[in-house]
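What follows is one structure encoded as structure tokens, with my remarks underneath.
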Amino acid sequence: MADPTFYRSAKTAAAAPPERLAYVATLNTPGQDGEARPDAIVVLDTDPQSPSYGKIVGRVDMTHTGDELHHFGWNACSACLCHIGSNGHAGHDHHHDAERRYLVVPGLRSSRIYIIDTKPDPTKPTIVKTIEADELAAKTGYSRPHTSHCGPDGIYMSALGAADGNAPGGIFVLDPDTFEIRGAWEQERGPQTLAYDFWWHLNHDILISSEWGTPNMVEGGLDPSLIGQFGHQLHVWDLPNAKHLQTIDLGPEQQMVLELRPSHDPDKTYGFVGVVVSTADLSASVWTWYRGDDGEWKAVKTIEIPAEPAPAEQLPPALQPFGAVPPLITDIDLSVDDKFLYVSCWGTGEFRQYDVSDPFNPKLTGSVHLGGIVHKGAHPTAGPLNGGPQMVEISRDGRRVYVTNSLYASWDAQFYPEGIKGWIVKLDADPNGGIAADPDFFVPFEGERPHQVRLEGGDASSDSYCYSS
């Protein structure tokens, strides 16, 4: 019997019972005594019928300090049901006994990976295995693990760079049963050197990857002298053979091509990617990639959000020469029904909802302001906020959207030098369009900053589905 939280299709996932818990990676900052503390995975109650709704009900602290937990994921998910490839062959292993039980949690600074068990009590997760940086480097050549995705035949993880902090970055694979490192994924890398996110179109045997910068480029904060050297390309790969097929260049002015969100319908061949900033005018953008009629993969800009002028005295030093606040699109997320795309503008504090039923003609259907470098958008319960909407996660039915406010410690300090006070908000999404903050769900964090959110039973950015219906 397959895990009941493995869903054959996106429609089945959306009809499943709602999440009651959320797992959140938090970055801990030194206390008043200056002593470093470990990062944590905290557990939030998301059941509105519960007396502890919107409160922290559990946590597990990491065993070391300085990890900077980032984009973690499940050990297994709906992709485990994919056992027939696009050509009808048995292209993937089918893990009959797999279950969505363990969280695979990378430390972006430490290159350490924690395996965390969420059973038997999901509010009391425990660390059951730790993979150290030297083992990762020895077996893959990589460091700074960033994003984890559960695939049909293993746990795939991206890494920003090589062991020395330079290029190349890439992808490696863990065994889904033992969590042992199998090795680097790429068999024919081609021209790809920079790495960030990756996702796939499983039924078409295609993987797409994106680009940020090497660890040595990003760990000290945004270095203005490096603008122009950050990633501006997408890479298309033969998934079964780990072979580079094609590069899609968005243009050198498009700097930092980050989060990838492919269509949840596995028969479709399109998706969305966010670009942090344009060197031409400080705008941010979202691009739609697709496979053309000629079989080539392409991308077109479908959303552009302009920078907002602002007095220099209201800006952090890094932005004062420009006299404007860039939107800084740092995360996007696509609802499971492929109808709505959510866009986090970490700089301006705006959080946008677009109807992308036509993926080449998005229509703005909702907007709220939460924090922002200048705006300081208010929450109905907590008042003006600092930081801005950053990581976003959507419930499977598309009705609830969870947003956190921390990006990356060194970048937080540059763009919000007053310090970021961590928070999570929940937005209620109208199925016909529109979003509004839930006044009963505001979770403040004292001395720690929330980043990635994962929902019990899966969410909009952790599962890939095997069947269209």
note = If we keep only residues of region 171-208 that are among the aliphatic types (A, V, I, L, M) and in contact with a Leu (Cβ under 9 Å, 6 or more places away or on another chain), then the residue modelled with the lowest pLDDT is 202
request  = Please find, among 128, 236, the residue that is under 30 Å from residue 300 (Cβ atoms) and of a type in the set (Val, Ile, Thr).
outcome  = 236
ask   = When you look at residue 207, is it farther than 23 Å from residue 69 by Cα and of a type outside the set (Val, Ile, Thr), yes or no?
value = yes
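Yes/no per residue for (1) at pLDDT 95 or above; (2) touching a Pro at 6+ places or on another chain (Cβ under 6 Å); (3) within 22 Å of residue 71 (Cβ to Cβ); (4) of a type in the set (Ser, Thr, Tyr):
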| residue | (1), (2), (3), (4) |
| --- | --- |
| 257 | yes, no, yes, no |
| 280 | yes, no, no, no |
| 296 | yes, no, no, no |
| 311 | yes, no, no, no |
| 340 | yes, no, yes, no |
| 350 | yes, no, no, no |
| 354 | yes, yes, no, yes |
task = Can you tell me which residue within region 172-216, out of those that are among the small types (Gly, Ala, Ser) and in a strand (DSSP E or B), is nearest to residue 229 (Cα to Cα)?
result = 209
task = Among the residues of region 45-67, write down those that are assigned to a loop (DSSP other than H, G, I, E, B) and either in contact (Cβ under 8 Å) with a residue 60 or more places away in the chain or within 13 Å of residue 26 (Cβ to Cβ) (or both).
result = 46, 48, 53, 54, 55, 67
message = Can you tell me how many residues within region 374-411 are under 22 Å from the mean Cα position of the chain (by Cα) and either part of a strand (DSSP E or B) or more than 30 Å from residue 337 (Cβ to Cβ) (or both)?
response = 13
request  = Could you run through region 217-231 and say how many residues are under 22 Å from the mean Cα position of the chain (by Cα), under 12 Å from residue 410 (Cα atoms) and either small (Gly, Ala, Ser) or not in a helix (DSSP H, G or I) (or both)?
outcome  = 4
task = Please give the number of the condition residue 175 fails out of (1) over 20 Å from residue 75 (Cβ atoms); (2) surrounded by fewer than 20 Cβ atoms within 10 Å (Cβ to Cβ); (3) acidic (Asp, Glu).
result = (1)
request  = Tell me, yes or no, whether region 276-284 has at least one residue that is touching a residue at least 60 places away in the same chain (Cβ under 8 Å), under 17 Å from residue 391 (Cβ atoms) and in a strand (DSSP E or B).
outcome  = yes
query = Which of the residues that make up region 380-407 are touching a Gly at 6+ places or on another chain (Cβ under 9 Å) and surrounded by fewer than 22 Cβ atoms within 10 Å (Cβ to Cβ)?
reply = 384, 386
task = Confirm whether residue 357 is within 25 Å of residue 400 (Cα to Cα), outside any strand (DSSP E or B), out of contact with any helix residue (DSSP H, G or I) (no Cβ under 6 Å at 6 or more places or on another chain) and among the polar types (S, T, N, Q).
result = yes
task = Can you tell me which residue within region 412-452, out of those that are touching a strand residue (DSSP E or B) at 6+ places or on another chain (Cβ under 6 Å) and acidic (Asp, Glu), is farthest from residue 343 (Cα to Cα)?
result = 448
ask   = Across region 247-275, what is the total count of residues that are within 30 Å of residue 469 (Cα to Cα) and outside any loop (DSSP other than H, G, I, E, B)?
value = 10
inquiry  = Given the options 214, 288, name the one that is more than 30 Å from residue 67 (Cα to Cα), crowded, with 17+ Cβ neighbours inside 10 Å, within 21 Å of the chain's Cα centre (by Cα) and of a type outside the set (A, V, I, L, M, F, W, C).
reply    = 288
message = Checking the condition out of contact with any helix residue (DSSP H, G or I) (no Cβ under 6 Å at 6 or more places or on another chain), among the hydroxyl-bearing types (Ser, Thr, Tyr) and surrounded by fewer than 23 Cβ atoms within 10 Å (Cβ to Cβ), which residue from 367, 335 passes?
response = 367
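The values are calculated or read from the model by the stated rules, or taken from the named source; none is laboratory data. Quick caveat, the model's predicted, so the values are computed rather than measured. Note that each Cβ is placed from the backbone with ideal geometry, even for glycine, and that neighbours are counted across all protein chains shown.
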